[in-house]
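Notes for the one structure printed next.
Where a number appears in this text, it was derived from the coordinates with a stated rule and is not lab data. As the structure is a prediction and not an experimental result, all values here were calculated from the model. Using ideal geometry, Cβ is built from the backbone for each residue, glycine included, and neighbour counts are taken over all protein chains shown.
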Amino acid sequence: MISRRRWMSGSAALAAASALQASSKNLVISSANGLRACARAMEILKSGGDTLDAVVAGVSINEEDPEDDSVGYGGLPNEDGVVELDASVMHGPTRRAGSVASVRGIKHVSKLAKLVMEQTDHIMLVGEGAVRFARAYGFKEENLLTEKSRLAWLVWKRSLRDAAGHNNWTDGLDAPPSKPSAELKRMFPEAPEEWLAYAWDRACNPPTGTINCLALNAKGEISGVTTTSGLAWKLAGRVGDSPIIGAGLYVDQDVGAAGSTGRGEENIRVAGAHTIVENMRHGMTPKEACLDALKRISRNYGDDLDRLRKFDINFYALRKDGLYAGASLWNGGIRQGRLMPRQFAVHDGDKSRLEPCVFLYERKA
Ligand code: GLY
């Protein structure tokens with residue numbers, strides 16, 4: 001039997017959620033790599049399109065872009081050099097969801113996740129089953145590994161060492177000694193310097209990029225999508241948070257939506273997107289809701305900054321009334337000695353812009 005206290009707190013949450021007036025404005029937010037995604041999604045919202053169609057069309061830009069190495073075509077591969085993609089979608093008005101994980105050879109995995117939602121009696125398809133489903137619907141199969149990603153993968157393999165400092169993927173013991181940078185140049189003579197610097201950086205700092213995109217239309221309808229190539233150099237079959245409903249993405253038409261980018265393992269352990277939406281249901285602002293989820297991640301490490309410093313994770317939240325936030329564990333990441341502040345993309349009808357994320361902890365360059 002439900003206790004009076006639990007019933008009261010449940011009804012207080014319902015009251016807080018129903019007190020939210022739906023925004024009458026179109027609004028799209030996304031991770032920082034989503035300026036173009038927000039713009040395309042906004043065009044679709046303005047022409048009266050559905051919120052899920054809008055965000056999926058938006059992130060398709062990243063899925064096609066070889067320069068976004070965290071999503072779709074050109075995404076960094078797993079440890080075997082194979083690109084494996086994950087994605088999820090949620091549609092607020094119909095309260096439906098779909099997702100795919102560990103998909104090889106299909107770049108538009110957000111569309112595939114939407115198709116799982118629309119055309120199956122399931123929520124999630126993985127691996128070979130997801131690819132067979134894609135084939136049945138005529139998706140094009142292609143090699144998603146670009147030359148630049150292949151170079152980064154080879155450089156990563158060459159950077160590994162056994163306990164004796166040896167690696168079979170480097171020159172033999174009998175090779176003349178040389179500096180790592182000269183070795184790279186000799187091995188990839190055609191590669192531009194800039195690619196080699198990029199490859200070395202990615203080998204040392206495996207990214208967990210991803211794009212999350214959330215949209216609210218003038219009727220107050222909300223949807224979201226998250227799509228990714230996941231953690232670079234992961235074990236084959238590793239699934240991150242992006243396709244996990246409640247972790248990488250969650251939408252509740254009564255409350256709002258949330259999503260995540262960054263180290264998925266941390267997010268899965270706090271069911272981040274669901275936690276954020278529940279926090280908003282109970283009356284928190286998007287900013288408070290995201291910071292609370294980040295505190296739970298910090299708590300999992302006993303708030304030990306030395307360990308927390310080794311990763312980053314970002315949340316995005318959009319409330320039904322149009323309030324929104326982007327939030328990160330850290331104020332920024334260090335790239336070549338410089339602090340790159342964490343930001344997220346917003347489009348509220350005029351043009352896409354970047355706004356700063358709120359953060360839990362601050363690091364210095
Ligand atoms: N957040 C993306 C991943 O960890 O796979």
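Data for the structure
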{"quantity": "Cα convex hull volume per residue for the range 159-282 (Å³)", "calculated": "145"}
{"quantity": "The chain: calculated mean residue ellipticity at 222 nm from DSSP helix runs of at least 4, using -39500 (n - 2.57)", "calculated": "-10500 deg cm²/dmol"}
{"quantity": "Relative contact order for the range 150-289, counting Cα pairs under 8 Å that sit 6 or more residues apart, in percent", "calculated": "17"}
{"quantity": "Volume in Å³ per residue [convex hull over Cα atoms, computed for the range 80-144]", "calculated": "70"}
{"quantity": "Ascending count of other beta-carbon atoms within 10 Å, so fewest first, for Cys357, Cys290, Cys38", "calculated": "Cys357, Cys38, Cys290"}
{"quantity": "Likely footprinting exposure, Val251, Val155, fewest C-beta neighbours within 10 Å first", "calculated": "Val155, Val251"}
{"quantity": "Gap separating the Cα centres of the range 301-356 and the range 50-113, nearest whole Å", "calculated": "21"}
{"quantity": "Approximate shape of the range 189-261 as ellipsoid semi-axes (Cα gyration tensor, √5λ), whole Å, largest first", "calculated": "34, 15, 8"}
{"quantity": "The range 339-350 - phi-based ³J(HN,Hα) in whole Hz, Karplus 6.51/-1.76/1.60, Gly and Pro as x", "calculated": "7, 9, x, 6, 9, 9, 9, 9, 9, 10, x, 9"}
{"quantity": "All-pairs alpha carbon distance profile, the chain, 10 Å steps from 0, percent", "calculated": "6, 24, 32, 23, 10, 4, 1, 0"}
{"quantity": "Counted charge near Asp50, where neighbours are those whose Cβ lies closer than 15 Å (Asp, Glu -1; Lys, Arg +1)", "calculated": "+3"}
{"quantity": "Pairs beyond 30 Å (Cα-Cα), from Lys295/Lys351; Lys114/Lys320; Lys111/Lys320; Lys114/Lys351; Lys111/Lys364", "calculated": "Lys295/Lys351; Lys111/Lys364"}
{"quantity": "Contact order normalised by residue count of the chain, Cα under 8 Å, 6+ apart, percent", "calculated": "22"}
{"quantity": "10 Å binning of all Cα-Cα separations within the range 21-128, expressed as whole percents from 0 upward", "calculated": "15, 42, 33, 9, 1"}
{"quantity": "Debye-sum result for the range 113-215 in log10 I(q)/I(0), which assumes one identical scatterer on each alpha carbon, at q = 0.18, 0.19, 0.21 Å⁻¹", "calculated": "-0.94, -0.99, -1.10"}
{"quantity": "³J(HN,Hα), Karplus 6.51/-1.76/1.60, whole Hz, each residue of the range 146-152, x for Gly, Pro", "calculated": "7, 4, 5, 5, 5, 4, 4"}
{"quantity": "Gain in span if fully extended, Thr170 to Asp201, counting 0.36 nm per residue against the direct Cα distance", "calculated": "9.4 nm"}
{"quantity": "Normalised contact order of the range 268-365, rounded percent, pairs of Cα under 8 Å and 6 or more residues apart", "calculated": "23"}
{"quantity": "Alpha carbon convex hull of the range 268-365, projected area averaged over orientations, nm²", "calculated": "6.9"}
{"quantity": "Kirkwood hydrodynamic radius (C-alpha pairs) into Stokes-Einstein, the range 109-152, 10 °C and 1.306 mPa s, D in µm²/s", "calculated": "135"}
{"quantity": "Nonlocal amide H pairs with Phe359, under 5 Å, H built at 1.01 Å", "calculated": "Ser328"}
{"quantity": "Under 5 Å, built H, 5+ apart or other chain: amide partners of Ser23", "calculated": "Asp321, Gly322"}
{"quantity": "Mean projected area (nm²) of the alpha-carbon convex hull when the range 69-177 is viewed from all directions", "calculated": "9.2"}
